[in-house]
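Notes follow once the structure below has been shown.
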Amino acid sequence: MAGYSMFETLMSLPLFKGASAEQISAFVEKTHLAFKTYNPGETIVSGKDSCRTLRCLISGEMQVAHPLFSDNIMVHETAPAGRFIGAERLFGLDNHLRFKARALTRCGTMELPKSQYMTLLQTNQIFLMNCLNYLARSAQKGCGVLVDADAGSLASLIAHMVNVTTTHDSRDISVESVNRPVKEFFANILCDAERQFAALESDGIISMANDRQLLVPSIERLMELVEK
């Protein structure tokens, strides 16, 4: 795929960082890398896929929708190039990708077989440590939600819903209630959801796109409020 250096692309990815140019070169020579291009609007992940290969978005941006609460809530984000697509599901008993993604712009993906990635992990400690750190971060985020969340705080619930599904480079983050107004959904969880919504809107922490979707302009500001 023209327009970028393969070595620079690989060395910038979280699972390959720290590797030398020689190590990357040896990896490319021994590995079958498959590339695919998606036009705007095309499906990258359908929500019914299984993660059987290591896949990464290497160019463009994709819109991702993460279902929560039995598909009653969807957390939306725009994900940039450099995002692995379901790598946390590559190992283990559950390989089902629990999100949907479509190309927002013209996108390119890179893919390699799981068997070849496993060989790489067995022969190079840098790649192995990167993988372990990547998987540990994903697992710790989920545990952190249960430990840190304040069940009586609307800000805390939104922050941890967003934090567990998105990453630091996500943008255009929103929370959508699929079957009813979003304020009504949270009103069934919190006693004073209406007051808390008003306070968060007044402070610019969230805004309403419509009655079913709230926007999170800055996850950093939201997390700062929660962590006070």
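The values are calculated or read from the model by the stated rules, or taken from the named source; none is laboratory data. Predicted, not measured: the structure shown is a model, and the values here were computed from it. In this analysis, Cβ positions are derived from the backbone assuming ideal geometry, glycine residues included, and neighbour counts consider all displayed protein chains. Heavy atoms of the whole protein, side chains included, go into the accessibility calculation; ligands, DNA and RNA do not. Shrake-Rupley method; radii C 1.70, N 1.55, O 1.52, S 1.80 Å.
Each principal axis of the Cα atoms in the chain has its own extent, and those three values, largest first, are 59, 36, 31 angstrom. Multiplying the residue separation of Ser20 and Thr37 by 0.36 nm and subtracting their alpha-carbon distance yields 3.4 nm.
For the residue pairs Lys183/Lys228; Lys114/Lys183; Lys36/Lys183; Lys114/Lys228; Lys48/Lys141; Lys100/Lys141, the alpha carbons lie more than 31 Å apart in Lys114/Lys183; Lys36/Lys183; Lys114/Lys228. Starting from the Kirkwood Rh over alpha-carbon pairs, what translational D in µm² s⁻¹ does the range 1-103 have by Stokes-Einstein at 10 °C and 1.306 mPa s? Reported coefficient: 105 µm²/s.
Cβ-Cβ distance of His168 and Met11, R₀ of 30 Å, FRET efficiency by 1/(1 + (r/R0)^6): the value works out to about 0.95. Only helices reaching 24 angstrom along their own axis (Cα) with mean Kyte-Doolittle hydropathy no lower than -1.0 count here, and for the DSSP H runs of the chain these are 125-148.
Are there any trypsin sites (Lys or Arg not before Pro) in the range 1-103 that are in a DSSP loop and have at most 16 other Cβ atoms within 10 Å? List them by number. Kindly include the intermediate steps, with their values, before the conclusion.
Values: sites: Lys17, Lys30, Lys36, Lys48, Arg52, Arg55, Arg83, Arg89, Arg98, Lys100, Arg102; in loops: Lys17, Lys48, Arg52, Arg83, Arg98.
The qualifying sites are Lys17, Lys48, Arg52, Arg98.
Evaluating 6.51 cos²θ - 1.76 cosθ + 1.60 at θ = phi - 60° for every residue in the range 88-105, the Karplus couplings come out as 5, 9, 5, 10, x, 7, 9, 9, 6, 7, 9, 8, 10, 9, 9, 5, 8, 10 Hz, glycine and proline recorded as x.
Please report the carbon-and-sulfur percent of the accessible area for the range 145-228; probe 1.4 Å, protein heavy atoms only, DNA, RNA and ligands left out.
Details: 2300 of 4590 Å².
C and S atoms contribute 50 percent here.
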